[in-house]
1. Select, from ARG11, ARG27, the only residue that is farther than 30 Å from ARG66 by Cα and free of Cβ contacts under 8 Å to residues at least 40 places away in the same chain.
2. Only residues that are surrounded by 13 or more Cβ atoms within 10 Å (Cβ to Cβ) and assigned to a loop (DSSP other than H, G, I, E, B): list them for the stretch 47-66, please.
3. Could you run through the stretch 1-19 and say how many residues are out of contact with any helix residue (DSSP H, G or I) (no Cβ under 6 Å at 6 or more places or on another chain) and surrounded by 10 or more Cβ atoms within 10 Å (Cβ to Cβ)?
4. How many residues are closer than 20 Å to PRO31 by Cβ, part of a loop (DSSP other than H, G, I, E, B) and of a type in the set (Gly, Ala, Ser) if we restrict to the stretch 67-92?
5. Could you list all residues from the stretch 9-34 that are of a type in the set (Ser, Thr, Tyr) and either outside any loop (DSSP other than H, G, I, E, B) or under 13 Å from the mean Cα position of the chain (by Cα) (or both)?
6. When the residues of the stretch 67-104 are filtered to those that are without any contact (Cβ under 8 Å) to a residue 12 or more places away in the chain and touching a Leu at 6+ places or on another chain (Cβ under 8 Å), which remaining residue is nearest to ALA43 (Cα to Cα)?
7. Evaluate the stretch 43-59: report whether one residue or more is farther than 30 Å from ASN9 by Cβ and at pLDDT below 95.
8. Within the stretch 35-46, can you find the residues that are farther than 16 Å from LEU98 by Cβ, part of a loop (DSSP other than H, G, I, E, B) and in contact with a helix residue (DSSP H, G or I) (Cβ under 7 Å, 6 or more places away or on another chain)?
Amino acid sequence: MPGPPPTRNPRRRNARPEWRRLPSAGRTGEPPAFPLGRPTKAATALWAQLWATPQATAWADLGWVRTVARYTKLVLGAERPKAPGYLLSEVRQLEDRLGLNPMAMRRLMWEIVDTAAGDSVPADVASLDDYRDKLG
């Protein structure tokens, strides 16, 4: 059979990208200006709450201000009595895009880390690379 012999511990050539680490304390500072007109008091409160989440650090880096503003308006509309069902569907879809539930965070490869405790690996989790290094 031509070619080099197979390696014992192969490494992927198409290495997966790193997970984005979001600080558990959330985003600090003032939220950006609301870009979709003049917000109501409820929209202002929800806007500030959303921009204090850990996910908001990624939104700021990615420039998703208008998307978060649309989500804010849709949530307030969907929470009104007798809101149409399609609003709930739109809210759910934007929650997925914005990483506001565990499954969406996994798909986006985002993880919340406790920045006060450092970036250490929990004691009950072994590093596969350390194990491979020990084997030689």
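1. Among ARG11, ARG27, only ARG11 is farther than 30 Å from ARG66 by Cα and free of Cβ contacts under 8 Å to residues at least 40 places away in the same chain.
2. TRP51, ALA52, THR53, PRO54, TRP64
3. So the answer is 1.
4. 0
5. Within the stretch 9-34, just SER24 meets the criteria.
6. Of everything passing the filter in the stretch 67-104, GLY77 is nearest to ALA43 (Cα to Cα).
7. no
8. Selection gives PRO39 alone.
The values are calculated or read from the model by the stated rules, or taken from the named source; none is laboratory data. Quick caveat, the model's predicted, so the values are computed rather than measured. FYI the Cβ positions are ideal-geometry reconstructions off the backbone, even for glycines, and counts take in every protein chain you see.
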